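Enquirer: Before I ask anything, let me first share the structure, which is written out below as structure tokens.
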Amino acid sequence: MIELRSDTFTLPTPAMREAAFYAQVGDDVYGEDPTVNRLERLAADMLGKEAACFMPSGTMANLTSILVHCPRGTEVLVGDESDIYHYEAGGASVVGGIIYHAVPTRPDGTLPIPALAQAIRDASDSQFAEAALICLENTHNRCGGVVLPLAYLAEVQRFARERGLPVHIDGARIFNAAVALGVRPAEIAQYADSVQFCLSKGLAAPVGSLVVGDRRFVERARRLRKMLGGGMRQVGMMAAAGIVALETMVGRLVEDHANARRLAEGLAQIPGLRINLETVQTNIVIFEVLDDRYTWQSFLEALSRHGVRMGELGYGRIRAVTHYGISADDVDLAIEAVRRILA
Ligand code: TLP
């Protein structure tokens, strides 16, 4: 099976399995797991922040970050196409009494500054809930893995500072963004007060995310992680795989980007599909099936019968994600499978 539903399907490399097996471990809730401590130091350094905290998932990393920044009864400004808004079970509202204020997302993944300005309510009017945080997503998943321009991040940071608001970046795929831009991830992270990124997507570790920020932020995140049930014990076994991910898997993301481009260009030749090649900047390809013999559901079923799995990511659009488990030959087979079922 050619698995293109997500880069979350990546399997750990042999080096990760070995590192996990031999990892030195301790009780991380006491701060005594040397491998977790090493991963947290490495992550903070790579992202150019003071400190980091290892999290079980991107969802918990985002939730924890929002909880740190937003007092109960305040609003978090999120893109109306963001993962936080769509796929994280409304956690900030449920757990934190925080209101999601959805801001329109442009096709390039940015939230227009005027729309952010409009979403911030007049704090002098006691009828309104106050804004407490702006969240961005980079790369942007539902916009097709697009990369937010650094100039835009700088603009949001300037705007947020003027309004006294912190910025959080959901950087689940921040390394894809960094590789696409040819910059260090710290150059992206400098525009945010906190960032979460995932080890378990394109970097192929089996589990885990990190939140990074200043020392005070990370201290508070650590307490909230415990509250949410994410305080883990001998989790150095997982952190060891994460260290291998950060040390050896970033450079190869260019292959995933090249494969996504190859897939998108192949699909663009097939009648009955609509695809915007401009949005194919990293490892995600999004397209629509216009052939009226198929719904998106029946298209995905037919594709699966031909040995290829893709997923749906809103409005019936099909998403294919390239990753460590996908070769250029797999991409060619996937294009051929799509061509056959639309013939
Ligand atoms: N996204 C998943 C699905 O839930 C859509 C995927 O397959 O892409 N931020 C972003 C931008 C994400 O894409 C995801 C996962 C998360 C956060 C959540 O990370 P996890 O799955 O580790 O909780």
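The values are calculated or read from the model by the stated rules, or taken from the named source; none is laboratory data. For clarity, every value in this text was computed on a predicted model and none was experimentally measured. Here the Cβ positions follow ideal geometry from the backbone for every residue, glycine too, while neighbour counts run over all protein chains shown. For accessibility, only protein heavy atoms count, side chains too; no ligands or nucleic acids. Shrake-Rupley method; radii C 1.70, N 1.55, O 1.52, S 1.80 Å.
Enquirer: Determine whether Asp214 is of a type in the set (D, E, K, R), surrounded by 20 or more Cβ atoms within 10 Å (Cβ to Cβ) and farther than 24 Å from Ala15 by Cβ.
Expert: Answer is no for this residue.
Enquirer: Now for a different question. Checking the structure you have, find out if any residue of the range 12-26 is within 16 Å of the ligand (Cβ to nearest atom), farther than 15 Å from Val211 by Cβ and within 19 Å of the chain's Cα centre (by Cα).
Expert: Checked against the condition, which is being within 16 Å of the ligand (Cβ to nearest atom), farther than 15 Å from Val211 by Cβ and within 19 Å of the chain's Cα centre (by Cα), the range 12-26 yields at least one hit.
Enquirer: Gly202: assigned to a loop (DSSP other than H, G, I, E, B), among the small types (Gly, Ala, Ser), surrounded by 24 or more Cβ atoms within 10 Å (Cβ to Cβ) and within 11 Å of the ligand (Cβ to nearest atom), yes or no?
Expert: yes
Enquirer: Right, another one. Just one of (1) of a type in the set (D, E, K, R); (2) in contact with a Pro (Cβ under 7 Å, 6 or more places away or on another chain); (3) under 30 Å from Val207 (Cα atoms) trips up Arg106, so point out which.
Expert: Going through the list (1) of a type in the set (D, E, K, R); (2) in contact with a Pro (Cβ under 7 Å, 6 or more places away or on another chain); (3) under 30 Å from Val207 (Cα atoms), Arg106 breaks only (3).
Enquirer: Next question. Which of (1) open to solvent by 50 Å² or more (accessible area, probe 1.4 Å); (2) part of a helix (DSSP H, G or I); (3) over 30 Å from Ile326 (Cβ atoms); (4) within 16 Å of the ligand (Cβ to nearest atom) does Met238 not meet, given it meets every other one?
Expert: Every condition holds for Met238 apart from (3).
This table checks each residue for (1) in contact (Cβ under 8 Å) with a residue 60 or more places away in the chain; (2) assigned to a helix (DSSP H, G or I); (3) more than 27 Å from Gly325 (Cβ to Cβ); (4) open to solvent by 50 Å² or more (accessible area, probe 1.4 Å).
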{"position": "Pro107", "(1), (2), (3), (4)": "yes, no, yes, yes"}
{"position": "Thr110", "(1), (2), (3), (4)": "no, no, yes, no"}
{"position": "Leu133", "(1), (2), (3), (4)": "yes, no, yes, no"}
{"position": "Arg142", "(1), (2), (3), (4)": "yes, no, no, no"}
{"position": "Leu210", "(1), (2), (3), (4)": "yes, no, no, no"}
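Enquirer: Still on this structure: Restricting the search to the range 250-297, which residues are within 18 Å of Arg142 (Cα to Cα) and among the small types (Gly, Ala, Ser)?
Expert: Ala260, Ala264, listed by residue number.
Enquirer: Given (1) within 16 Å of the ligand (Cβ to nearest atom); (2) open to solvent by 10 Å² or more (accessible area, probe 1.4 Å), identify the lone condition not met by Thr322.
Expert: (2)
Enquirer: Among (1) more than 16 Å from the ligand (Cβ to nearest atom); (2) open to solvent by less than 50 Å² (accessible area, probe 1.4 Å); (3) in a loop (DSSP other than H, G, I, E, B), there is one condition Gly164 misses while meeting the rest; what is its number?
Expert: Condition not satisfied by Gly164: (2).
Enquirer: In addition: Do any helices (runs of 4 or more DSSP H) entirely within the range 4-101 hold 3 or more residues that are buried (at least 24 other Cβ atoms within 10 Å of the Cβ), and if so, which?
Expert: Qualifying helices (runs of 4 or more DSSP H): 34-47, 58-69.
Enquirer: Right, next: Within the range 241-262, which residues are closer than 13 Å to His323 by Cβ and of a type in the set (Val, Ile, Thr)?
Expert: Val254
Enquirer: So which of Val156, Val147 ends up being open to solvent by less than 70 Å² (accessible area, probe 1.4 Å), aliphatic (A, V, I, L, M), within 20 Å of the chain's Cα centre (by Cα) and more than 16 Å from the ligand (Cβ to nearest atom)?
Expert: Val156
Enquirer: Could you please find all residues in the range 300-316 being farther than 19 Å from Arg262 by Cα, open to solvent by less than 50 Å² (accessible area, probe 1.4 Å) and touching a strand residue (DSSP E or B) at 6+ places or on another chain (Cβ under 8 Å)? Before you say what the answer is, go through the steps one by one.
Expert: Applying the first criterion (farther than 19 Å from Arg262 by Cα) to the range 300-316 yields 300-302, 304-306, 312-316.
Subsequent filtering for residues that are open to solvent by less than 50 Å² (accessible area, probe 1.4 Å) retains 300, 302, 304, 313-314, 316.
The answer is Leu300, Leu313, Gly316.
Enquirer: Considering the range 72-95 alone, what residues qualify as being of a type in the set (A, V, I, L, M, F, W, C), within 14 Å of the ligand (Cβ to nearest atom) and on the phi < 0 side of the Ramachandran plot?
Expert: Matches in the range 72-95: Val78, Ile84, Ala92.
Enquirer: Is there a residue being within 21 Å of the chain's Cα centre (by Cα), in contact (Cβ under 8 Å) with a residue 12 or more places away in the chain and either open to solvent by 60 Å² or more (accessible area, probe 1.4 Å) or more than 26 Å from His86 (Cβ to Cβ) (or both) anywhere in the range 265-275?
Expert: Checking the range 265-275: not a single residue is within 21 Å of the chain's Cα centre (by Cα), in contact (Cβ under 8 Å) with a residue 12 or more places away in the chain and either open to solvent by 60 Å² or more (accessible area, probe 1.4 Å) or more than 26 Å from His86 (Cβ to Cβ) (or both).
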